[in-house]
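A short write-up of the structure that comes next.
The values are calculated or read from the model by the stated rules, or taken from the named source; none is laboratory data. Just so you know, these numbers come straight off a predicted model, no measurement behind them. Note: ideal-geometry Cβ built from the backbone for every residue, glycine included; neighbour counts use all protein chains shown. Surface areas here come from the heavy atoms of the whole protein model, side chains and all, with no ligands, DNA or RNA. Shrake-Rupley method; radii C 1.70, N 1.55, O 1.52, S 1.80 Å.
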Amino acid sequence: MLYYRTSPNMQTRIDAILNIRPEERRTVYLMLAQYFFMGAAMLFAQTASMPLFLTYWDVSAIPFTYIGIAVIVSTITAIFLKISERVSLARWLWLTMVFLVLVTLGFRFGLAAAPSKALALFLPIWTQTLINLAVLAFWTLASDIFDVRQGKRLFGLLNAGSWFSYVVAGPFSGTIAKSLGTENLYIIIAACLFIALLFQSAILRGMKKPSIQNTDARTPEQPPTSALFRNRYILLVFALAALWRVAYFVMDAIFYGMTSIQFPNAADNAGFIGNFFSMVGLLGFLTDTFLTGRIISKFGLWAGLLTTPIVLIASMSGFASVGIFASSWTLGLFWFAIAGKFNNEGLGFTLDQSASSILYQPITDALRPKARAIGEGIIQPAAIGIAGLLLALLSNGLKLDTIQLSFVYIVLAIAWLVLSIILANAYPKQLVEAINKRRFKREELINIEEINSEILFKGLSSQHDGTVIYSLDLLEELNHPNLKSELINLLGHASSSVRVSVLEKIERIKPQQARKSLVEHIPQENIPNNRRAAVQAFSALSADDINLILPYLNSNNEANTFGALVGLLKYGGEDGLSISKEKLEKLAGHPLPAKRLLAAQTLRRFGSQGFESLLEKLLDDPEIKVRREALLAAGTGKQNTNWFKVINAMKNPSTRAQAGQALEMGGEASLPFIAIILTQTDFSKAALRKLIHVCGNIRGASVIAMLEPHIGHTDSDLREAVLAALAECGYRADPVNGQSQAQVKYETEHVRMLYSALREIESKDEMNLLAQAIRIEIYHARERLFHLLSFMYDRKAVTNARRVILRKDAAKVPYAIETLDTILPRDIS
């Protein structure tokens, strides 16, 4: 190819001008060449079809061609859509191009063998069929190759390939038509399509082949086509495509009506149309090559979607004004019609078409090809049919002239503008959906009332522990009357996890017939945790006679003692509470650490409320294991008088985790004590970070009020902890003014400075450690920015984008970056 012959420096400069990255170079240039020849085919088809049609028909028959387009193009596209479900993308693209070549040659043969009025009627219909299928094939391939970020940068440039053909071939189309005959343009059209097919084959050969998958794996089930019509966003895209097409062909009727008056001769008309489309092509080529990608990248999708309808409303308002106030000025009307058509083609097929193509990118991979095929191959042709019916009604039925049609066009353009605004707002939300997977709760997946209990009882015989436990859980939720007897039968289950689940359910349900079985089961249970659960269950069943529990309380087996203590505290009433307190006092003062640990574990299990003095003693225990368990017990008492002891335990790395967990369990009751500590300087950074993390887990308005003043903390690590905690609280800030906005500017500037420093040193081997340190700091600064941005903009969008970027999910990172680029101000994104 020619681009391989250019010098490396020249090639780099060209790539920079066109905004192409090195790894994209081959594919982009091949696709530009492909679309150049597709564009040439479309140009010659437009040049030939309408003049030949108007040789046999007058302008009033144009609406009937639109109706024919709706029926024939939609039918052909529907057939090709069915074919796409049965063949690979490469094969489908090949079949599409071969079909276009053969049918085009068929029309040339028909014009030579049997020219007729009926055949002429089909010429503009085939032109639109060719355009629709060629555009569909090209942009389906482009969407498959490039992601949403690449599309935003490259789709405008790729579209320039078609416009370049208009610039090159347009000025000569009239001369060629006069020299060779308008009918012979169909041979040139077929040749251009064949060359485009060759480039398409080269592109497909260069695409990366998917990695070989396990042949036994099932192909993921494709969503039904009906899923497209249940998606509000896709319906909006379809509506925009339909409205655009109706407006386009109303403009066509105005344009061709005026040109047929100015150029009644078919050859002259063809020459003017060829020259006109050459100028349109020049505008389109310059716009798409140098402006479209940069405009959309810099100003967003809004610029791409809104510019065309606004300009067209202005152009046709001028046409309508001349028609009202100076209707005899036919030359003025002609040039306003030219201006409207010029903008409709030059902007509609550049900036607007690239923006419309981007609208398809956030749609899921499974639905996107179908959505594009239906949108461009069925919805748009159907809209053309609607335009035909509308024009037939307005022109032939109501006898509206071109001036009156311009008012209809203005109304359509205003509706087009409104719908574009709605879609521009919907696009960021669709991006969020594209990177976010819904997490289902069990109750959303199953209906407890509809479960067959027979299946659950069969599940109790399963060899898998999880199946047995899950079946028990559902039977308990169903409150099944046969569950009690099944629980007794499962006491001897081989799995300890199943036995624990059974014992816990016996404690909750309290089937009295299980008491005798438990007496026999407890001595056989050698796993401490299971024996504790067994004694607790027995205590729940024997609460009416606590003397039956005392042997276990006074046992030398610590599991028996623990189970009896918790059982007496929960079910023994006043007598059980008194006996348990006495026992706990003895255990807390016992010389053996294991006994004191047992007391702390009991308080943790039952709760420390009412045992504050005993808990204080355990919090000061010399044994670290006892103190850790006591700290966890402290979190169970909301009115705890020992919070300062708990917070001071944060200073010790050995007890920091347990102290933090206790404070979290304490919830808002612990916050006043934490607030005091945050103002002190004798706590280490690690302890303060842990305290701030605890606040984030507690959440609530009180936490926000406490942490908000520290958003700009001078220490970057503590500042990051504060921001993360506020993010957990769902904190919102003013996006225009305030501390958060100032902090965003600070962090942004800090990141820019770090990147600048990194670029200076990352190529120097002796600076590797420093470069690594800078990368780590960039990571943390980015985290702080993500948190700050989530305070001021769409929290869900920012959070999901952060999650995808951190996971480095290659398939979703482009959507994440595009989401941020869409919702954030330009100076930040």
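Out of all the residues in segment 687-709, is one or more surrounded by fewer than 19 Cβ atoms within 10 Å (Cβ to Cβ), at pLDDT 85 or above, in a loop (DSSP other than H, G, I, E, B) and touching a Lys or Arg at 6+ places or on another chain (Cβ under 9 Å)? Among the residues of segment 687-709, not one is surrounded by fewer than 19 Cβ atoms within 10 Å (Cβ to Cβ), at pLDDT 85 or above, in a loop (DSSP other than H, G, I, E, B) and touching a Lys or Arg at 6+ places or on another chain (Cβ under 9 Å), which makes the answer no. Based on this model, can you work out whether S790 counts as open to solvent by less than 90 Å² (accessible area, probe 1.4 Å), within 19 Å of A801 (Cβ to Cβ) and touching a residue at least 60 places away in the same chain (Cβ under 8 Å)? So S790 fits the description; yes.
Evaluate segment 738-748: report whether one residue or more is modelled with pLDDT under 85 and at positive phi. Checked against the condition, which is being modelled with pLDDT under 85 and at positive phi, segment 738-748 yields at least one hit. Taking the numbered list (1) touching a helix residue (DSSP H, G or I) at 6+ places or on another chain (Cβ under 9 Å); (2) assigned to a helix (DSSP H, G or I) in turn, I776 passes all entries but (1). Scanning segment 802-815 for residues that are small (G, A, S), closer than 25 Å to I358 by Cβ, out of contact with any helix residue (DSSP H, G or I) (no Cβ under 6 Å at 6 or more places or on another chain) and at pLDDT below 85 turns up at least one hit. Cβ-Cβ contacts under 6 Å between residues 6 or more apart (or on different chains), taken from a first residue in segment 12-33 that is on the phi > 0 side of the Ramachandran plot and open to solvent by less than 80 Å² (accessible area, probe 1.4 Å) to a second residue that is part of a helix (DSSP H, G or I) and not aromatic (F, W, Y), are listed as N19/R153; N19/G293.
Evaluate the following for W335: is it open to solvent by 50 Å² or more (accessible area, probe 1.4 Å), aromatic (F, W, Y), closer than 20 Å to L240 by Cβ and part of a helix (DSSP H, G or I)? When the stated conditions are applied, W335 does not pass them. For beta carbons closer than 8 Å, sequence separation of 6+ or different chains, a first residue in segment 41-68 that is assigned to a helix (DSSP H, G or I) and a second that is charged (D, E, K, R) and surrounded by fewer than 24 Cβ atoms within 10 Å (Cβ to Cβ), the qualifying pairs are A48/E183; L52/E183; Y56/K117; I62/D252. Taken over segment 621-647, residues that are assigned to a helix (DSSP H, G or I) and surrounded by fewer than 16 Cβ atoms within 10 Å (Cβ to Cβ) amount to 3. Residue pairs whose Cβ atoms lie under 6 Å apart, sitting 6 or more positions apart in sequence or on different chains, and linking a residue in segment 657-668 that is crowded, with 22+ Cβ neighbours inside 10 Å to a partner that is small (G, A, S) and part of a helix (DSSP H, G or I), are A659/A649; A662/A634; L663/S670. Regarding segment 749-766, can at least one residue be identified that is touching a residue at least 40 places away in the same chain (Cβ under 8 Å) and surrounded by 13 or more Cβ atoms within 10 Å (Cβ to Cβ)? No, segment 749-766 contains no residue that is touching a residue at least 40 places away in the same chain (Cβ under 8 Å) and surrounded by 13 or more Cβ atoms within 10 Å (Cβ to Cβ). Restricting attention to segment 452-465, the residues being open to solvent by 50 Å² or more (accessible area, probe 1.4 Å) and in a helix (DSSP H, G or I) number 4. A725 falls short on exactly one of the conditions (1) open to solvent by 50 Å² or more (accessible area, probe 1.4 Å); (2) under 19 Å from R795 (Cβ atoms), and that condition is (1).
Cβ separations smaller than 9 Å between residues 6+ apart or across chains give the following pairs from segment 152-179 residues that are in contact (Cβ under 8 Å) with a residue 12 or more places away in the chain to residues that are among the basic types (K, R): R153/R21; R153/R294; G156/R294.
Mind listing whichever residues of segment 353-372 are of a type outside the set (A, V, I, L, M, F, W, C) and in a loop (DSSP other than H, G, I, E, B)? Write out each step before concluding.
Of the residues in segment 353-372, the ones of a type outside the set (A, V, I, L, M, F, W, C) are 353-354, 356-357, 360-362, 364-365, 368-370, 372.
Matches in segment 353-372: Y360, Q361, P362, T364, D365.
Restricting attention to segment 43-74, the residues that are under 40 Å from the mean Cα position of the chain (by Cα) and either open to solvent by 10 Å² or more (accessible area, probe 1.4 Å) or of a type in the set (S, T, N, Q) (or both) add up to 7. Checked against (1) part of a helix (DSSP H, G or I); (2) buried (at least 21 other Cβ atoms within 10 Å of the Cβ); (3) of a type outside the set (F, W, Y), S608 meets all criteria but (1).
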